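The structure appears right after this line, and notes come after that.
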Amino acid sequence: MAKFFESLTPAHLEFIAEQKIYFVASAPRSGRVNLSPKGMDTFRVLSTTRVGYLDVTGSGNETAAHLLENGRITLMMCSFTASPLIFRLYGRGHAVHPHDAEWAQLRPLFGPALPGERQLIITEIESIQTSCGFGVPFFDYTGERETLIDYANKKGPEGMAAYRLQKNLRSIDGLPTGLKTASLSPS
């Protein structure tokens, strides 16, 4: 049975702390819906009504483009262990880039620097939904992949900046992502 909440409870915080993977969904007004899996200990609870994650450079930048256009975002976690649960956060989000004033305040909350980091995605929670998760299979966590970190380290700051310039300025539907050419320069 689905239940709705307006803010995160202590039980929600405990559940979030146990998760190794989460999913991010966003969509433009017209175009493709994006759904991305995330990991690498990048998710943070900022308050009972605000969460965020450190976003590293990937093959696209759909979430940032969709948030710039309409702000809608859904984050989902689900239990793959003994206690079934599907946990969704619905909200409005925005990207915070290294050149933004918010960056200096928020970035330290997301742990050590990661090679290839490009922005923070911050979500103001509008509602929270939990549901049973009885159909979610069991899976065992065996560790993090190092592939993305290794790739970013191999490319280096200049290579990652060039990659973002080529692949991350527009969504696959042609929407701007909010990355500025100045922010693509290595720090």
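None of the figures in this text is laboratory data; all of them are computed from the coordinates on show. This structure is a prediction, so every number in the text was calculated from the model and none was measured. Note that each Cβ is placed from the backbone with ideal geometry, even for glycine, and that neighbours are counted across all protein chains shown.
As a ratio to 2.2 N^0.38 Å, the alpha-carbon radius of gyration for the range 54-128 is 1.23. In this Cβ point-charge picture (+1 for Lys and Arg, -1 for Asp and Glu), the range 1-91 has a dipole of about 200 debye about its Cα centre. Counting only residues at least eight positions apart within a chain, or on another chain, the lysines with an alpha carbon under 26 Å from that of K167 are K38, K154, K155, K180.
Computed from the C-beta positions of E144 and L165, the FRET efficiency with R₀ = 22 Å rounds to 0.20.
For GluC sites (Glu not before Pro), the sites in the range 2-54 that DSSP calls loop and that have at most 15 other Cβ atoms within 10 Å are E6.
Cα extents for the chain along the principal axes, largest to smallest and rounded to whole angstrom: 48, 36, 32.
With a Förster radius of 41 Å applied to the beta-carbon distance between A101 and F134, the computed FRET efficiency rounds to 0.35.
Backbone geometry of the range 51-56 corresponds, through the Karplus equation with coefficients 6.51, -1.76 and 1.60 at θ = phi - 60°, to 3J(HN,Hα) couplings of 9, x, 9, 7, 9, 9 Hz, x marking Gly and Pro. With only Cα atoms counted, the range 97-163 has Rg and Dmax values of 17.1, 46 Å.
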